[in-house]
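Please read the structure below before turning to the comments.
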Amino acid sequence: MKTSAQTSVQNHLAGVKLQNKLAQLFILVWMMLIGSMQLSAQDAISGRTFLDLGLDFSSSGNGHGAFYSPSLILNKNFNGFGVSPMIYKNDNKLSGLKVSYMRNLSGKVKDEFDEVNLSYEDSIGLAEYKGYKMNHRDALQINFYSYMQYNQSISLSSAFVNNESQTNAEKDVNWNNVKVSTGEVGAGFQLQYNINNNIGFRVYSGIGAFHHFDYQHELNNGRNSISLNLGATLVYTFDVLHPFPKMVKH
């Protein structure tokens, strides 16, 4: 007969195998998306300097569940640097801090015209096209992102508490009272839908690694492990448009 400890180990190994398969699928899907997005010309707005305000909702397999993160993001030359206080969903209290980096992978205008040999009429059309691209975001955008986060001693998620109560070998522990401080790093890709130049919505997924700093009980996902991270962000961008001189025919 299998002991509780053996069952716990088997559950952990099965979880690791599932995470590896999901990670492989994740990489394949995102590589296909990036390849398809790079085939079309993209907006140049992300090459400017501007600020984003974001409201992020994220979760990973670190045992805590979901967090809300209001964020301030400085964008410059297709790069974004963000700082976000983390609010734990279980108690709606400030629990930690996240810093992040984002890179717009599809934010460059591809000039497919030979400007030297253009007629006057075509040069006017090209100028108008570039002006449009400089002042209008494309509807879809792909970003690379990475992050580091730390949360102070907080409880486990309800789903994780239920799992530990049923499978953990330590049967005399009240898992609702167990609190853990956790550090995590991760990276992945975002698919961003720009409703207009100021409002956008991002969904993202990636691979992360976490470490529990205070570790008094043997958790099923271990003290250190790899996990998937998932999330969505509503973004408001401050006005980045600049007047573009119109070409007038003489």
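Summary table below
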quantity: The stretch 51-78, subset in contact with a helix residue (DSSP H, G or I) (Cβ under 9 Å, 6 or more places away or on another chain) and over 16 Å from Thr182 (Cβ atoms), residue surrounded by the most Cβ atoms within 10 Å (Cβ to Cβ); calculated: Asn75
quantity: Leading residue by the ranking (modelled with the lowest pLDDT) among those in the stretch 69-103 that are under 25 Å from Leu191 (Cβ atoms) and polar (S, T, N, Q); calculated: Asn77
quantity: Unique residue being at pLDDT 90 or above and among the acidic types (Asp, Glu) when the list is Glu170, Glu218, Glu164, Glu184; calculated: Glu184
quantity: Residues satisfying the stated conditions in the stretch 140-193, i.e. surrounded by fewer than 19 Cβ atoms within 10 Å (Cβ to Cβ), in a strand (DSSP E or B) and small (Gly, Ala, Ser); calculated: Ser146, Ser153, Ser181, Gly183, Ala187
quantity: Count of residues meeting criterion [farther than 12 Å from Asn62 by Cβ, over 14 Å from the mean Cα position of the chain (by Cα) and surrounded by fewer than 18 Cβ atoms within 10 Å (Cβ to Cβ)] in the stretch 223-237; calculated: 1
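The values are calculated or read from the model by the stated rules, or taken from the named source; none is laboratory data. None of the values given here were measured: they were computed from a predicted structure. Quick reminder, even Gly has a Cβ in these numbers, built from the backbone with ideal geometry, and neighbours come from all protein chains shown.
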